[in-house]
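Working notes, structure below.
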Protein chains: 2
Amino acid sequence: MTVATAAVSNSSEGSGASDSLAVRARRTRTAARSLAIQPIEMRNGALEAIAEALAAQKDSILEANAEDCRVAQEDGISSALYGRLKLTDSKYDGVIAGVRDLATLADPLGAMQIHRELDDGLVLKRLTCPLGVLGVIFEARPDAVVQIATLAIKSGNGVILKGGREAVRSCTALVAAIHQGLEAVGIDANAVQLLTTRQETLELLHLDQDVDLIIPRGSNAFVRYVQDNTRIPVLGHADGICHIYVDESADIAKTVTLAVDAKTQYPSACNAVETVLVHRGIASGVLPAVGKALTEKGVEVRGDETALKILQEAEVKVIAATDEDWSTEYSDLVVSIAVVDHLDQALAHIAEYGSGHTEAIATENQTTADRFLSEVDAAGVFHNCSTRFSDGFRYGFGAEVGISTSRLAPRGPVGLEGLVTYKYQLVGNGHIAATYSGADAKAFTHRDRPLA
Amino acid sequence: MTVATAAVSNSSEGSGASDSLAVRARRTRTAARSLAIQPIEMRNGALEAIAEALAAQKDSILEANAEDCRVAQEDGISSALYGRLKLTDSKYDGVIAGVRDLATLADPLGAMQIHRELDDGLVLKRLTCPLGVLGVIFEARPDAVVQIATLAIKSGNGVILKGGREAVRSCTALVAAIHQGLEAVGIDANAVQLLTTRQETLELLHLDQDVDLIIPRGSNAFVRYVQDNTRIPVLGHADGICHIYVDESADIAKTVTLAVDAKTQYPSACNAVETVLVHRGIASGVLPAVGKALTEKGVEVRGDETALKILQEAEVKVIAATDEDWSTEYSDLVVSIAVVDHLDQALAHIAEYGSGHTEAIATENQTTADRFLSEVDAAGVFHNCSTRFSDGFRYGFGAEVGISTSRLAPRGPVGLEGLVTYKYQLVGNGHIAATYSGADAKAFTHRDRPLA
């Protein structure tokens, strides 16, 4: 990275916005190295100081947000986006409460995962440690600034934040409060940086040297754009195409409840269901009830040929599904329904169209359930419960960084553990590899010790 | 992936080499899905059957290898590459023994990492499962074919192998034996595929849909090429620039032993030391001894200005280091030495030039050691032991997939765990998310249960 090196060698101690992003990112790297070795009391103390600063500056921050909202409305922002941009009084108080809750969670750093004697006096430990510097890019939500910045601080990471253009005044005011909190406990405020221009987003995606993980928060198209434009690992997911397979042995009442919850409890969530696959043997028994319950909740139902016929006969409002339906994440009150001949056909459909997010089966047959749970390749495989449970808070992770549909870990809902990595510490007393190789090689003992 | 879809719909059951790579990769994906759910007895049985097939076909495989070696020599292959290509009798027997050893290792699949009651009758489990399909690209070594294919089988993964052009006859013969072993126990042989042309390597790197992890085995330049040309996650490392920092409080005799082992025990290994950083306060005390010991082992010593002066005064053969030395992985009997003023300068040097592989400190001062272990950001941080211990076998992992210098896990030496991921299984009895939200929200219990 010639550019970065050249830039760094010209850097001063200041943090003027006129410095190149590479210079500022290097400054975050340096601050992160220092944050990484702060004890948990210090990191939690920073969270408390940030909560206090946010409380003290509530009026001015809400004023900045009101101005963002005013300008956004003039620009004809959508009501959905406006809802995310707007910091209500209760949302703001929730943000502060969230920071204080985070302080109560266990320290994600220094956890021992391996403790092994390799030989007398030669001891290996694997310990969790921070990743380094996170790059977080999100759309309108200013509350995400606080959530992500405090998750980063708790886990000893630096963070470079890029919020949406619409939220620039809110984000700037929030980051000022965060900086004040960090400085109050003596932590280098460069650990948290805010970018404000779109050009910087692109630059951020190319900072392989000083950014270790990109976390995009926004629409599917936005996440895919980020994934396509960076070599830095990306934590997140583009599509969330989730299925419920209603087996021949499903309980009909249970299935209706699950389908309604999975589709309507929060239809724009990534873990909402898109497609219900129904075993042919139960289709005429279950589809009318499922179809009626969904349409009563305002859901548009789209059926394949068989489902269409059954639903029309039951006088449920339904339209014909097209091939495109099977690969569409609706994020809305729309569901597609297909009838399959057997479990294998359902598994094949899910393997082809599922996005590896969350897949559920409704059945009272344990053998079928076991096959489904074992054979479906997704972050979440569920039996007789709603796909909507696929969520860090519901899993008990306390704080959620995002949901990953990558096959590599971290996969599924990711808590603080997604922001840490580990390193191996090996301590000896002059031990050398030659002792353990060749004709007279000494054997390793490889004796595991307690982790605590 | 229009190409893949179109191709797949035209695919037949055969596995002719004339099929497109996308078609063959999809076939490996299908075989891998089936392998993924085989019980451990079946996967270990396949390893035994492969060991038997390799033993039975030893003569013909060694003949194929002899022909590869003959042609390679005609083409003027380097002696180092020839050494890797040549399957000696003992190397071949070692390969078979390795397959049988692998069968004795614990099953990496189905391990429970989280077991938590979310509420009455709603139970979450996190279980390890295979990644899916691995793409492995390696240079000359034909024994790597067997090692990697059997690691993949043990961990329930499909694998697409691309060996070096030089080893094509050997690899083809070895894969035939592997296929025979798989078929003997009724596992779809498409789970292991061999590519033989360079063009296919490039194609493989673009098969995002059907390859989940790329493992490159070869030179630094080769690994970097792979990293630069794929969006699929890459497990491995390009550079291995390792340091030993000799603190003011180092034991001189111990330091000499460590430096000699770290540099000369196997100089072409990635965990061999490149640069020795020496505290100014001990430089004139330790450098002559270290320099003499290294030069006696045939090591070329390159010193910064201060080290040069001290070594020359001690009549140790030394040349001046250039700036390039600090960022060069020698993979040879060459070492660079720099004198630093204090620990912080050593840490800064390592942060700038280290590749995050393995970094060691020699000191009798516990406080200094603790700072080094805590502050250095590398997969391995060592105290008073040789950098050469950074290795999966030495760590007790039994089988090594590779060593990763990425910050994200898996990091450092990676055993079978690098070939598995996990999924969340949630089992309820009609549980829906609506129960746990809104005004009358029921609280989750989030009670952890035993993992066994």
> Mind checking the dipole of the protein assembly as shown: about its Cα centre, +1 per Lys or Arg Cβ, -1 per Asp or Glu Cβ, Debye to the nearest 20?
Replying inline: 480 debye
> Which peptide among A:432-439, B:129-136 comes first, and what is the full order, when sorted by highest mean count of other Cβ atoms within 10 Å?
Replying inline: B:129-136, A:432-439
> Given H placed 1.01 Å from N in the peptide plane, which residues other than close sequence neighbours of B:ILE337 have an amide H under 5 Å from its amide H?
Replying inline: B:VAL276, B:ARG302, B:GLY303, B:ASP304
> What is the list of residues in the range B:265-298 whose amide nitrogen lies under 11 Å from a point 7 angstrom out from the Cα of B:LYS317, following Cα to Cβ?
Replying inline: B:295-298
> Roughly what % antiparallel, to the nearest 5, for the DSSP beta bridges in the protein assembly as shown?
Replying inline: 30 percent
>> Pairs of alpha-carbon atoms within less than 8 angstrom and 6+ residues apart define the contacts here; what relative contact order does the range A:2-228 have, in percent?
In response: 28 percent
>> Please list, ordered by chain and number, the residues whose modelled amide H lies under 5 Å from the amide H of B:VAL381; skip anything fewer than 5 residues away on the same chain.
In response: A:TYR424, A:GLN425, A:LEU426, B:GLU359
> Of the listed peptides B:187-196, B:326-335, what is their order by residue-averaged count of other C-beta atoms within 10 Å, with the highest listed first?
Replying inline: B:187-196, B:326-335
> What's the average, rounded to a whole number, of partner chain beta-carbon atoms within 10 Å of each residue's beta-carbon in B:407-419?
Replying inline: 4
> What's the exposure ranking of B:GLU63, B:GLU359, B:GLU166, going from fewest to most Cβ atoms within 10 Å?
Replying inline: B:GLU63, B:GLU166, B:GLU359
> For B:ARG29, what charge total do you get from the other residues with a beta carbon under 13 Å from its beta carbon, if Lys and Arg give +1 and Asp and Glu give -1?
Replying inline: -1
> Once phi is turned into θ = phi - 60°, what whole-Hz ³J(HN,Hα) does the Karplus curve with 6.51, -1.76 and 1.60 give for every residue of the range B:125-130, x standing for Gly and Pro?
Replying inline: 10, 10, 10, 6, 8, x
> Which entries in B:LYS125/B:LYS423; A:LYS91/A:LYS263; A:LYS125/B:LYS154; A:LYS162/A:LYS423; A:LYS58/B:LYS442 show an alpha-carbon gap greater than 20 Å?
Replying inline: A:LYS91/A:LYS263; A:LYS125/B:LYS154; A:LYS162/A:LYS423; A:LYS58/B:LYS442
> Which one of A:ILE214, B:ILE61, B:GLY121 is farthest out on the positive end of the charge dipole of the protein assembly as shown, using unit charges on Cβ (Lys, Arg +1; Asp, Glu -1) and the Cα centre as origin?
Replying inline: B:GLY121
> Placing a label point 7 Å from Cα toward Cβ, how far apart in nm is A:GLU67 from its equivalents in the other copies, listed shortest first to one decimal?
Replying inline: 7.9
>> Can you tell me, using C-alpha contacts under 8 Å and at least 6 residues apart, the relative contact order of chain A as a whole percent?
In response: 17 percent
> Within chain B, which DSSP H helices have Cα atoms that stretch 20 Å or more along the helix axis and a mean Kyte-Doolittle hydropathy of at least 0.0?
Replying inline: B:40-56, B:168-184, B:280-296
> Considering every residue in B:370-380, what mean count of other chain Cβ atoms within 10 Å of its Cβ is obtained?
Replying inline: 4
> How many Cβ atoms of partner chains, on average, are near each residue of A:387-398 if near means within 10 Å of its Cβ?
Replying inline: 5
> Where does each of B:42-49, B:113-120 land if you order them by average Cβ count within 10 Å, highest first?
Replying inline: B:42-49, B:113-120
> From the label point of B:GLU324, set 7 Å along Cα to the beta carbon, how far off in nm is each other copy's matching point, shortest first?
Replying inline: 5.8
>> Using Cα-Cα distances under 8 Å and only pairs 6 or more residues apart, what relative contact order does the range A:177-291 have, in percent?
In response: 20 percent
>> Straight-line reach only, C-alpha to C-alpha below 12 angstrom: list the aspartates and glutamates that B:LYS317 could link to, leaving out same-chain residues fewer than 8 apart.
In response: B:GLU296, B:GLU300
>> How far, in nm to one decimal, is A:ASP448 from itself in the other copies if the label point is set 7 angstrom along Cα toward Cβ? Shortest first, please.
In response: 1.6
> Given R₀ = 60 Å, FRET efficiency for A:ALA80-B:SER249 by Cβ-Cβ distance, to 0.05?
Replying inline: 0.45
> B:ASP119's amide H: which non-local residues (gap 5+, or another chain) put their own amide H closer than 5 Å, with H modeled 1.01 Å from N in plane and none for Pro or chain starts?
Replying inline: B:THR445, B:HIS446
>> Just to be sure I understand: of the beta bridges DSSP finds with both ends in chain B, what percent are antiparallel, rounded to 5?
In response: 35 percent
>> Nearest 500 deg cm²/dmol is fine: what mean residue ellipticity at 222 nm does the protein assembly as shown get from its DSSP H runs of n ≥ 4 alone, each adding -39,500 (n - 2.57), divided by its residue count?
In response: -13000 deg cm²/dmol
> Using a cut-off of 17 Å between alpha-carbon atoms, which aspartates and glutamates can reach A:LYS297, once sequence neighbours fewer than 8 places away in the same chain are excluded?
Replying inline: A:ASP261, A:GLU274, A:GLU315, A:ASP332
>> Suppose every Lys and Arg Cβ carries +1 and every Asp and Glu Cβ carries -1, with no other charges. What dipole size does the range A:242-395 come out with about its Cα centre, to the nearest 20 debye?
In response: 520 debye
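None of the figures in this text is laboratory data; all of them are computed from the coordinates on show. Predicted, not measured: the structure shown is a model, and the values here were computed from it. Cβ sites come from the backbone with ideal geometry, for glycine too, and all protein chains shown count toward neighbours.
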